[in-house]
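Beneath this line is the structure, given in structure tokens, with notes to follow.
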Amino acid sequence: MCGRYYLEKTIETIPYIEKMQKSSLVRKWNDTDPVKTDGEINPADVVPVIAPNRSGKQSVFPMKWGYKGQQRLLINARVETASEKPTFKNDWKSHRCIVPASYYYEWSHITGSNGKTITGDKYSIQPKGLSVTWLCGLYRLENNMPVFVILTREAADDIKFIHNRMPLIIPEHLIDEWIRPESDPDKLVNMALSDMIAERY
């Protein structure tokens, strides 16, 4: 699961932020939803997202986090079922994106003596040895404006004690391949990063 992440302005992320700021969508979003370029990111925030432009080349667009569902905002899609579910299957085939993050947050889930699950400590999590976490996502247009969800997978062994789900994260050199509509996402999923570091926040 991924319900919160953090974006820092660093040498690695600033070029993507600057590229997004050239998009005409920034002005359109700012009329209703201010675009965030750093800090703690929450569902419904508008943030930099990497996706192909009309020419098929890598670009960066401001997108809002979450698809409108019937009863609630959909912020995640399970990688195991995204290709089958009506809400996500078309985007899984040809509308894939990458969300730059410094790290993501997760809260430990504890089962109490009554069998109910409660949330515990907050952790910041990122791939070992990396300062940028490239979160895989899907996107679509709602009212002619781009929105996205983050894909999740079974958690890596080292962080299962926190939560049984984690975002799908790929190495930087696979960004262009992931967002390319002609690519096979099923093959790329097998290249996802799983060596994570978690720190109690």
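Values quoted throughout were computed directly from the atomic coordinates according to the rules given, and no laboratory measurement underlies them. Remember, it's a predicted structure, so these values are computed and weren't measured experimentally. Cβ sites come from the backbone with ideal geometry, for glycine too, and all protein chains shown count toward neighbours.
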**OP:** Scan (1) 14; (2) 18; (3) 48 for the value of percent of Cα pairs over 31 Å apart calculated from this model and give just the label.
**Re:** (1)
**OP:** Please list, or write none, the aspartates and glutamates whose alpha carbon is within less than 14 Å of the alpha carbon of residue 68, excluding same-chain residues fewer than 8 places away.
**Re:** 45, 142
Original post:
Summing Lys, Arg as +1 and Asp, Glu as -1, what charge do residues with Cβ under 14 Å from the Cβ of residue 190 carry, residue 190 excluded?
Top reply: -3
Original post:
What list do you get for 104, 6, 67 if you sort them by fewest beta carbons within 10 Å?
Top reply: 6, 67, 104
Subject >> Cα-Cα over 26 Å, subset of 116/187; 28/85; 9/85; 22/187; 28/128; 85/187 >> reply: 116/187; 28/85; 9/85; 22/187; 28/128
Original post:
If we count other beta carbons within 10 Å of each Cβ, what is the order of 75, 175, fewest first?
Top reply: 175, 75
**OP:** For a footprinting-style exposure proxy, rank 148, 61 by other Cβ within 10 Å, fewest first.
**Re:** 61, 148
**OP:** Note down the magnitude of the dipole of region 5-200 about its Cα centre, charges +1 on Lys and Arg C-beta and -1 on Asp and Glu C-beta and zero elsewhere, to the nearest 20 debye.
**Re:** 640 debye
Subject >> Local net charge near residue 68, Cβ-Cβ under 11 Å (Lys/Arg +1, Asp/Glu -1) >> reply: +2
**OP:** Name the long-range amide H neighbours of residue 201: under 5 Å, sequence gap of 5 or more, or other chain; modelled H, no Pro or chain starts.
**Re:** 122, 123, 124
Subject >> For residue 5, residues with placed amide H under 5 Å, excluding near neighbours >> reply: 41, 105
